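The structure under discussion appears below in the form of structure tokens.
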Amino acid sequence: MCGGFVLLTGKVADVPIKVRELLEESDIASMASIVAEAFVDYPVMIRAFAHSGGDRADWIRRMVSDSARARLQSGIPIWLAERDGTIAGGAFLVYPDRPLSKDVSDWWERFIADAGSATGEFFERFVSAAEAVELPQPNLYLTMIGVKPAYQGQGVGRAIIDHIALEAAQLAGCKGIALDTEIESNVGLYERIGFRVIGQTSVDELPIWVMFREI
């Protein structure tokens, strides 16, 4: 799954922020709660789960939890940021050379079977629209970054992205980091940390800005 949903923080923090890999099952619940809190009112999530029934935050938590377990079992890194010893944010990436293991690659089909066909169809349209924008290859695609609202504006998102840049630099032939955002005010924030708009598209009248940062 390419494409993504990004919520960016602003200022650099005074307190050191540690970025580490998610390695334990116990971290997954924290990651899922952070993303659900950060994205519950995000336009993509509102559209995606409009017909799923139940609480939207619960669907987001389950989606993130199921995805994280599949990535953890496949050896695909998930990055967490800690501040004051508390998990404050996290990010999912698509690595060009690290696919999901076959025994867990069907997690998405199981999730959509419960969330509903409308959810699956929306995400398919979303991914197709984002993937239609041509990007330098290979790249690390930042599909999701979420920061706990209490820590937004304290440099957590910036710390995660700076760490991902170091990760990208270690991959042979990697051209840089790609991402997309559906909030126009995020575009300028990303531009200030080295990203540029590669293309703009839309899905169901929702604008999508696809951006890239070279390494």
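The values are calculated or read from the model by the stated rules, or taken from the named source; none is laboratory data. As the structure is a prediction and not an experimental result, all values here were calculated from the model. Cβ placement follows ideal geometry from the backbone for every residue including glycine, while neighbour counts extend to all protein chains displayed. Please note that ligands, DNA and RNA were not included when accessible areas were found on the heavy atoms of the full protein model with its side chains. Shrake-Rupley method; radii C 1.70, N 1.55, O 1.52, S 1.80 Å.
Brief remarks on what is shown
- Normalised contact order of the chain, rounded percent, pairs of Cα under 8 Å and 6 or more residues apart: 29 percent
- Loop-located trypsin sites (Lys or Arg not before Pro) across the stretch 39-130 with a Cβ neighbour count of 11 or fewer within 10 Å are LYS102, with loop assigned by DSSP.
- Going by accessible surface with a 1.4 Å probe and the largest first, LEU189, LEU142 read LEU189, LEU142.
- Taking only the C-alpha atoms of the stretch 91-145, the Rg (one decimal) and the largest Cα-Cα distance, Dmax (whole number), read 13.0, 36 Å.
- The stretch 35-74 versus the stretch 162-193: alpha-carbon centroid distance in Å: 22 Å
- Convex hull of the stretch 129-215 built on C-alpha atoms - directionally averaged projected area, nm²: 5.7 nm²
- Element breakdown for the chain at a 1.4 angstrom probe: carbon and sulfur atoms account for 48% of the accessible area.
- Comparing the chain with the 2.2 N^0.38 Å rule of thumb, its C-alpha radius of gyration ratio is 0.95 (two decimals).
- Computed per residue of the chain from DSSP H runs no shorter than four, each worth -39500 (n - 2.57), the mean residue ellipticity at 222 nm is -12500 deg cm²/dmol.
- Heavy atoms of the protein chains alone define the surface here; on that basis the chain has 45 Å² accessible area per residue at 1.4 Å probe size.
- LEU135, LEU23, LEU140, reordered so the largest accessible area comes first (probe 1.4 Å): LEU23, LEU135, LEU140
- Largest accessible area first, the listed residues VAL147, VAL40 line up as VAL40, VAL147 when surface is computed with a 1.4 Å probe on the assembled protein chains.
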